[in-house]
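The values are calculated or read from the model by the stated rules, or taken from the named source; none is laboratory data. Keep in mind it's a predicted model, so treat the numbers as computed, not measured. Virtual Cβ from ideal backbone geometry, glycine too; neighbours counted across all protein chains shown. Accessible surface is based on the protein model in full, side chains and every heavy atom, while ligands, DNA and RNA are left aside. Shrake-Rupley method; radii C 1.70, N 1.55, O 1.52, S 1.80 Å.
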Amino acid sequence: MHKSRFFSGIALLALSASGCGLAVASPERDVVVPAEPTLIDFVDPATVIGLSTRTLTEGDSEGSRYVHINYPEFAGADKLNRELRDQAERQLQRFRTRTRDAEPVSPRPELNVDWQLAAASPDAVAVRLRTGEFQGESWANSTRTFWFDPHTREATGSTGLLAGRAALVRLATLVKERLKERGDEVEPGDEVERGDEVERDGGDEFDSMAFNRRGDLVVEFDDCQVGPCSLGRVAVAVPAEQVEPLLSELGRQAQRSVRENRAQGGDKPSFTPTTDPDAVSNRAGSVDCAKVKCVALTFDDGPGPYTGRLLDLLRRERARATFFVVGSNATAQPALVRRMSTEGHLVGNHTWAHRDLSKQGSSKITDTLGKTGDVVSGIIGQMPKLVRPPYGAVSQQVGNVAREMGLSLVTWDVDTDDQNGGKAGDIAERAVREAHPGAIILMHDIHRETVDAVPDILKRLRGKGYSFVTVPELYGSAGMQAGRLYRSGNELPRKQPLT
Ligand code: NI
């Protein structure tokens with residue numbers, strides 16, 4: 001275990017090569033950034049103590065839009081937590097307004113927010129939110145970085161790294177010079193010219209700033225913000241010596257802490273091909289579903305704030321389940337993933353950031369599934385072989401990639417509809433009413449009400465003679481095949497994994 005530091009109630013582990021002997025994947029793989037120097041050196045969330053995650057979702061099976069907003073929460077950083085929550089709610093509201101009157105379209109409009117840590121030390125914490133919005137035919141991506149000063153316990157946007165408006169205007173000039181060096185294609189807007197903090201729909205021009213390892217200030221622009229949309233993300237690194245005179249106290253602390261991490265040799269573990277065995281429940285085979293009535297409870301989108309309590313409940317009732325974890329949540333809370341595995345449950349793959357896979361090309365599908373599998377196998381020593389596609393959405397391409405990667409696709413045939421703010425009693429009622437031998441029951445361990453419903457579900461289904469098994473046990477010796485889609489333990493696997 002590495003040395004921990006405590007300051008002002010926020011306890012953070014220093015960035016290190018690996019936490020507690022885990023080969024945990026580093027999140028920067030998730031970010032498409034041009035080559036140095038605009039590469040931000042993200043902190044491995046597994047090395048940060050007191051970190052949990054929150055999720056706002058909409059539309060796993062019903063509705064006209066898909067929403068999945070994920071953000072971190074820190075022990076002892078209330079103001080930062082509040083900023084992140086407010087931001088998430090603002091984005092959700094805006095997206096709802098934009099898509100409210102639209103006719104149902106396919107593919108559905110989608111809002112997705114995930115996060116990385118641009119800093120996490122006793123001197124500075126930074127959360128970079130990355131938003132992807134799909135409307136029409138393509139994704140538009142934007143970033144916003146929030147900063148927190150553990151000394152003053154104040155949270156701020158990225159301009160809080162600078163010493164006031166004059167510094168911002170000077171920075172704008174430096175950024176503009178650098179953008180001009182790229183040629184005519186990149187044209188900074190008026191806000192860059194004036195250094196204005198104009199709150200626009202996608203955020204202002206200087207809403208996402210962080211330091212690279214050298215201490216240069218990396219200023220990121222959203223898609224289409226300073227150039228043609230085809231350019232994608234544009235970022236500029238303002239050299240450390242030029243930016244130093246412009247920094248606020250927090251800015252100096254942040255720059256120093258990022259440089260110190262480098263001095264400590266903050267190299268991340270690299271990805272190595274795994275030779276880990278396939279993930280199975282350590283109690284698989286203890287129930288024969290050919291002879292007794294079985295159901296598979298499945299919990300998606302975690303681990304989250306209520307997962308620990310759910311694991312306690314399942315252990316007490318000796319029930320097992322399948323957890324389809326989101327990669328970014330798993331990396332933030334590896335201890336919960338480890339518990340799932342050691343307590344007889346099965347860990348499955350629910351992608352890195354929960355974007356609809358049917359809107360992605362093969363390389364993106366491979367990347368999000370591969371990275372999540374690597375993180376989980378780094379934690380539990382087994383490679384997940386089951387994938388639950390976000391929103392249950394699949395395509396021929398998803399099936400092809402799954403087959404190549406040796407993964408089976410699992411959806412559900414009983415939806416407890418716990419996504420839409422239902423009460424625990426209603427969730428339990430639906431689960432019990434619709435359960436049948438071989439059922440795959442969809443639930444989400446990111447909701448308090450879902451976990452509240454579990455004791456009742458276990459008691460009533462057990463009263464009807466059901467055993468609670470992991471998904472592969474429904475299929476017994478027939479097993480599950482890669483690239484195929486499974487909805488229920490009763491039906492034969494479909495020949496083609498189509499929607
Ligand atoms: Ni989900």
## Note on the structure
Turns out the strands (runs of 3 or more DSSP E) fully within segment 291-383 with at least 1 residues that are out of contact with any helix residue (DSSP H, G or I) (no Cβ under 8 Å at 6 or more places or on another chain) are 293-300, 321-325
## Note on the structure
The residue that is most open to solvent (accessible area, probe 1.4 Å), considering only those in segment 43-63 that are away from the ligand (no atom under 16 Å from the Cβ) and in contact with an Asp or Glu (Cβ under 8 Å, 6 or more places away or on another chain), is SER52
### Task
Would you confirm whether any residue within segment 464-478 is open to solvent by 60 Å² or more (accessible area, probe 1.4 Å), assigned by TED's automatic domain parsing to the domain that holds ARG318 and at pLDDT 95 or above?
yes
### Message
Could you check segment 139-163 and list, in sequence order, the residues that are modelled with pLDDT under 95, open to solvent by 40 Å² or more (accessible area, probe 1.4 Å) and among the small types (Gly, Ala, Ser)?
### Response
ALA140
### Query
For residues in segment 95-107 being more than 15 Å from HIS68 (Cβ to Cβ) and open to solvent by 70 Å² or more (accessible area, probe 1.4 Å), which is modelled with the highest pLDDT?
THR97
#### Entry: Lone qualifier among VAL280, VAL287, VAL325 - being of a type in the set (Val, Ile, Thr) and surrounded by 24 or more Cβ atoms within 10 Å (Cβ to Cβ)
VAL325
### Query
When the residues of segment 294-311 are filtered to those that are within 11 Å of the ligand (Cβ to nearest atom) and of a type outside the set (Phe, Trp, Tyr), which remaining residue is farthest from the chain's Cα centre (by Cα)?
THR298
#### Entry: Residues being in contact (Cβ under 8 Å) with a residue 12 or more places away in the chain and farther than 19 Å from PHE74 by Cα - total across segment 114-165
17
### Query
Could you say which residue among THR372, THR331 is open to solvent by less than 10 Å² (accessible area, probe 1.4 Å), within 16 Å of the ligand (Cβ to nearest atom), in the same structural domain as ASP301 (by TED's automatic domain parsing) and farther than 22 Å from CYS294 by Cβ?
THR372
### Query
Could you list, in sequence order, the residues of segment 376-414 that are within 12 Å of the ligand (Cβ to nearest atom) and of a type in the set (D, E, K, R)?
ARG388
### Task
For segment 414-425, enumerate the residues that are within 23 Å of ARG65 (Cβ to Cβ) and of a type outside the set (Val, Ile, Thr).
ASP415, ASP417, ASP418, GLN419, ASN420, GLY421, GLY422
#### Entry: Elements of type helices (runs of 4 or more DSSP H) contained in segment 397-499, each with 2 or more residues being within 23 Å of the chain's Cα centre (by Cα)
448-463
## Note on the structure
Among the residues of segment 97-113, the number that are without any contact (Cβ under 8 Å) to a residue 24 or more places away in the chain and among the hydroxyl-bearing types (Ser, Thr, Tyr) is 2
### Query
Only one residue in GLY370, GLY348, GLY344 is without any contact (Cβ under 8 Å) to a residue 60 or more places away in the chain and not basic (Lys, Arg). Which one?
GLY370
